[in-house]
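Novice: I'd like to ask some things about the structure below.
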Amino acid sequence: MSTATVQEPTEVAAPEPFWSRQCRLGLALVLIGALAAAVFGALAPSEDARFTLSEDAEGAALSINGQVGAVLFGLLALAAGGAMLAGLARRRSNVLLSLGILAFVLSFLCWQVAGNFMPLVDTTEGTLQLALPLILGALAGVLGERSGVVNVAIEGQFLMGAFAGALVGTMATSVWAGLISAAVGGVIIAAILAVLSIRYLVDQTVVGMVLNLFALGITGFLYERLMQPDAQTYNTPPQMPEWRIPGLADIPVIGPVLFEANLLVWVALALVVAIHFGLSRTRWGLRTRAVGEHPTAADTVGIRVRGLRYLNVLLGGVVAGIGGAYFTLVATGSFTKNMTAGAGFIALAALIFGRYTPFGALGAALFFGFAQKLATYLSAIESPVPSQFLNMLPYLATLIAVAGLVGRVRAPAADGQPYIKS
Amino acid sequence: MTAETNTEAPKKPAPADQESFLSVFTRNLWASNNVLITTLSIVLAVIIGAVLIVVSDADVLAKFVYFTARPSDALNASWTLISEAYADLLKGAFGDPAVFQAWFDGTATWQEAFAPLSETLTYAAPLVFTGLSVALAFRGGLFNIGAQGQAVLGCVVAGAAGFTFGLPIVLNLVVALLAGVIGGALWGFIPGLLKARTGAHEVITTIMLNYTAALFLSWLVIQKGVQAPGRTDAISKSVAESAQLPSPGGILRVHLGILIAVLVTAGVAWLLKRSAFGFEIRAVGANPHAAQTAGISVGRTYVLLMAVAGGLAGLGGATQVLGTAYALTPAVAGNIGFDGLLVALLGRNRPWGTFFAALLFGALRAGGNRIQSYAGISLELVTVLQALIVIFIAAPALVKAIFRLRAARVTGAGTSLAKG
């Protein structure tokens, strides 16, 4: 048995309506493509937009006239939409969709960057760094939700992880001790979530939200009691070292981003692959999916539903806790109150936008990371586009995705339902 | 995690030979009824809070090092620390006996004596509205995490109306309050509509809308025409005086909002118990399929319910901006939406229960301010206490297990309300 057999019935059931998903998406792409070509093209100054391959304005660069680029890529998006409407490449409609969206983003960039430059290495690196906690948080969500436990406490796990990482990391003056205790911090919140929702059958969303506030309170309290008065002993964690793989690190753009990086980048990417493989190819994965879709059936064939849920939620706690470590051990050198500032919820958005799959979550997290990086870049070049609206993008995209405007997102069938053994 | 903190043996087994009122009362005293669970939840939270206060104090911890040699040192120091902290909490929430004494002696004004109570009511007022918003939605089977976003929108629209229209007195205030309601209702309407039309889960959509609203507010306050003239930081123009909620002034910050809160609570109670719409809400909340079969339009109820819930949260935002803040800032709504969530759970989703839960949270917050300034213990202690209380309330079985309560009719706050 594999994923395909589980999903087949839903695909067969609905007869193709006239306004199929492909038609709607195609039309949407045509519209935004036309919009991009007309508006961005009209607004863009007729100056070169330079995309440098280094971290600054120097060196080789891909260069294009801003106005020409904006119109060209806008038309490309329009063409992709047209192809979808015309029913070309029905099998590859996702490729056309990605192409269209990419062209739209490039058209936007040509307008914004015209007369300026955008360092590609810096942008890619920033995107990956900003996406890191989102990837880990979303993976934690995947682990829980695929086995039927809703985890809205990712934010709380981040905060606990970040706090524990900073505290223990500083006291032990070891970044590895910090990393391990960050994982423990995430597990503490996960354990409360698991016990209350699996054993005591409290509504999972309720527990999750309350735990977020609990984590916010307890880390804030200990921060003000311990860390603020004596930052030197409690709040100067060592930073995670950057490792460079010789050879591979010399590849342009990708090299410095992927192969001259801290451990967390590799951990996150490896976990995406591992969890994807685990879910689709191993006994644990099959059982997890069974428990998440139909716990009663799983129980009947002898799978320990509650045990598996405990295991997965706690594993999720480890992953989210490591994600929390990013904030104190990588991004900044200290803990501050409420430093995650809603990142846990963006991770939740990435999880849903990525359709509860590891690679989907990775893609969504990278997309959201890019939106955030773009927001900082645009405010640095004093663009008229307000950064707040770019920061809204993850939330709005998820809203559109759950509302089924662009392909319905389907959660695991037993997601959020406690299992009561009869 | 708290199972080991307190395991007292049951106190009053009280055998009942004949069923007098007293014997029934004593027999049920230690059974797990709602009042007892609530009380014990608060007790447990206070105990854990005390542990936190001690372990985060370096001076007292140092005395625990030689605990075996002289336990009295450590215990006395801990007791002083804890009792002073909680005494400050009570004084900050309800009033300082010393100040009352001074008032009777004529050395202090009555305003000073009642200032703590005024603070409690000031913090409680917006929480009543956001709490009612969450509670009402809960009764219809919806988990409105979006109270925060709806409150933010309420702040935005009420604030904008407050500094834009310049209407005459009374009218201006009414218009601003209504504007807040409409803003919140609009923000609640969206997830309601999405839920009814596409089945999109309201938990996810409202979380997304919360952050959208917060980002919108932080963009709005730095726009020309909104930002206060001559300021470079993120703060809007002030609300016109005629649009502010009347208040005694001076150190008494309490305003008309708390009276409106009483009226609205009564209104919501009436709506739930006596109106046709309230019946529909409860029917849909109890079983949407049965309600559908009985001829109630579930979709319509969801949309209306979310709009009403949003309107209530929006009113909470409006009281915040018209009653205490008087101007928009990115953090003007504070945490009132999420606190409203806790308030509703603590109040077991009943209108008056929510009202008193909001008063309790207001008292904790007011007391927390005093702890912060007098004992130097972080205000966040209050957040911890609030979250812990609600965790225990939501898991009555946990409290029962800790205190070995006998089984009785248990109504959990959180169980089986919203299906994730």
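Just so you know, all these numbers are worked out from the coordinates, no wet-lab data involved. All figures in this text were calculated on a predicted structure; none of them were measured in a lab. Here the Cβ is made from the backbone with ideal geometry for all residues, glycine too, and neighbour counts use every protein chain on show.
Novice: Using all C-alpha to C-alpha distances in chain A, build P(r) with 20 Å bins and read off the rounded percent in each one.
Specialist: 24, 53, 22, 1
Novice: Kyte-Doolittle mean at least 0.5 and Cα extent at least 27 Å along the axis: which DSSP H helices of chain A qualify?
Specialist: The qualifying helices are A:66-85, A:93-113, A:120-146, A:175-194, A:305-325, A:358-380.
Novice: Let me ask you something else. Between residue B:223 and residue A:379, what is the label-to-label distance in nm when each label sits 7 Å out along the Cα-to-Cβ direction?
Specialist: Reported label-point gap for residue B:223 and residue A:379 is 1.8 nm.
Novice: In Å and whole numbers, how far do the C-alpha atoms of the protein assembly as shown stretch along each principal axis, longest first?
Specialist: If we take the Cα atoms of the protein assembly as shown, the spans are 84, 72, 66 Å.
Novice: List the longest stretch of chain A that has no exposed loop site; here a site is one of the GluC sites (Glu not before Pro) assigned by DSSP to anything other than H, G, I, E or B, with at most 16 other Cβ within 10 Å.
Specialist: The longest such stretch corresponds to A:59-381.
Novice: Separate question: Over 26 Å, how big is the tail of the calculated P(r) for the range B:125-346, in percent of all Cα pairs?
Specialist: It works out to 34 percent of all Cα pairs.
Novice: For the range A:39-187, just run the numbers: alpha carbon Rg, then divide by 2.2 N^0.38 Å, N being how many residues it has.
Specialist: Normalised Cα radius of gyration, the range A:39-187: 1.49.
Novice: Name the residue farthest towards the positive end of the dipole of chain B from the options B:158, B:270, B:225, assuming +1 on Cβ of Lys and Arg, -1 on Cβ of Asp and Glu, about the Cα centre.
Specialist: The Cα lying farthest towards the positive end belongs to B:270.
Novice: Moving to a separate point now. Can you bin every Cα-Cα distance in the range A:68-140 into 10 Å intervals starting at zero and give me the percent of pairs per bin, rounded to whole numbers?
Specialist: Pairs per bin, as whole percents: 19, 30, 31, 19, 0.
Novice: Could you pull out which residues in the range A:346-380 have an amide N less than 18 Å from a spot 7 Å beyond the Cα of residue A:94, following the Cα-Cβ vector?
Specialist: Residues passing the 18 Å test: A:350-368.
Novice: Quote the charge dipole size of the protein assembly as shown about the Cα centre in Debye, to the nearest 20; the model charges only the Cβ of Lys and Arg (+1) and of Asp and Glu (-1).
Specialist: My answer is approximately 2800 debye.
Novice: Same structure again: Quote the charge dipole size of the range A:120-402 about the Cα centre in Debye, to the nearest 20; the model charges only the Cβ of Lys and Arg (+1) and of Asp and Glu (-1).
Specialist: Taking the Cα centre of the range A:120-402 as origin, the dipole is about 980 debye.
Novice: Please check chain B for the longest run free of trypsin sites (Lys or Arg not before Pro) that are loop-located per DSSP (anything but H, G, I, E, B) and have at most 12 other Cβ atoms within 10 Å.
Specialist: Here the longest segment lacking exposed loop sites spans B:12-223.
Novice: Choose one of A:400, A:124, A:339: the residue whose Cα lies farthest towards the positive end of the charge dipole of chain A (beta-carbon charges +1 Lys, Arg; -1 Asp, Glu; about the Cα centre).
Specialist: A:400
Novice: Could you work out how far apart the two model spin labels at residue A:23 and residue B:292 are, taking each label as a point 7 Å from the Cα in the direction of the beta carbon, and quote it in nm?
Specialist: The answer from the label model is 2.6 nm.
Novice: What is the calculated FRET efficiency for residue A:176 to residue A:274, with r their C-beta to C-beta distance and R₀ = 25 Å, to the nearest 0.05?
Specialist: The value I calculate is 0.80.
Novice: Suppose R0 equals 25 Å; then what is the FRET efficiency for residue A:236 and residue B:67 from their Cβ-Cβ distance, rounded to the nearest 0.05?
Specialist: Plugging the Cβ-Cβ distance into 1/(1 + (r/R0)^6) gives 0.25.
Novice: Which trypsin sites (Lys or Arg not before Pro) from the range A:37-128 combine a DSSP loop assignment with at most 12 other Cβ atoms within 10 Å?
Specialist: none
Novice: A further question follows. How much net charge surrounds residue B:100 when only the other residues with a Cβ under 11 Å from the Cβ of residue B:100 are counted, with Lys and Arg +1 and Asp and Glu -1?
Specialist: So the surrounding residues net to -2.
Novice: To continue, here is another question. Suppose we flag GluC sites (Glu not before Pro) only when DSSP calls them loop and at most 15 other Cβ atoms lie within 10 Å. Which is the longest uninterrupted stretch of chain B?
Specialist: Segment B:20-420 is the longest.
Novice: Would you mind pulling out the separation of the Cα centroids of the range A:120-146 and the range B:216-246, in Å?
Specialist: Using only Cα atoms, the two centres lie 36 Å from each other.
Novice: At q = 0.06, 0.09 Å⁻¹, what log₁₀ I(q)/I(0) does a Debye calculation on the Cα points of chain B give, no solvent, two decimals?
Specialist: The Debye formula, applied to the Cα set alone, gives -0.29, -0.64.
Novice: Would you mind ranking A:110, A:23 by Cβ crowding within 10 Å, fewest neighbours first?
Specialist: Going from least to most buried by this count: A:23, A:110.
Novice: Further question: Between the range A:65-96 and the range A:308-387, what's the alpha-carbon centroid distance in Å?
Specialist: The distance from the Cα centre of the range A:65-96 to that of the range A:308-387 comes to 30 Å.
Novice: Kindly identify the range A:144-285 as rounded, prolate or oblate by the Cα gyration tensor criterion: order the square roots of the eigenvalues as a ≥ b ≥ c, call it rounded if a/c is under 1.5, otherwise compare a/b with b/c, prolate if a/b is larger, else oblate.
Specialist: Oblate is the answer for the range A:144-285, as a/c is 1.5 or above yet b/c matches or exceeds a/b.
Novice: If you build the convex hull over the alpha carbons only and average its shadow over all orientations, what do you get for the range A:305-383? Give it in nm² to one decimal.
Specialist: In nm², the orientation-averaged hull projection of the range A:305-383 is 6.9.
Novice: Could you tell me which helices of chain B pass both thresholds, a Cα extent of 27 Å or more along their own axis and a mean Kyte-Doolittle hydropathy of at least -1.0, with helices taken as whole DSSP H runs?
Specialist: B:34-55, B:71-94, B:110-139, B:171-198, B:298-319, B:351-370
Novice: So what's the convex hull volume per residue for the Cα atoms of the range A:17-115, in Å³?
Specialist: 88
Novice: Among B:285, A:253, A:307, which residue has its Cα positioned farthest towards the positive end of the charge dipole of the protein assembly as shown, with +1 placed on the Cβ of Lys and Arg, -1 on the Cβ of Asp and Glu, and the dipole taken about the Cα centre?
Specialist: B:285
Novice: Suppose R0 equals 56 Å; then what is the FRET efficiency for residue A:304 and residue B:266 from their Cβ-Cβ distance, rounded to the nearest 0.05?
Specialist: Approximately 0.65, to the nearest 0.05.
Novice: Any idea what the dipole of the range A:308-422 comes to, in debye rounded to 20, about its Cα centre with Lys/Arg Cβ at +1 and Asp/Glu Cβ at -1?
Specialist: Here the range A:308-422 has a charge dipole of around 360 debye.
Novice: Can you give the convex hull volume per residue for the Cα atoms of the range A:159-233, as a whole number of Å³?
Specialist: Roughly 70 Å³ of hull volume per residue.
Novice: If you don't mind, there's one more thing I want to ask. Just for the Cα atoms in the range B:44-161, what are the lengths along the principal axes, largest first, rounded to whole Å?
Specialist: If we take the Cα atoms of the range B:44-161, the spans are 64, 46, 27 Å.
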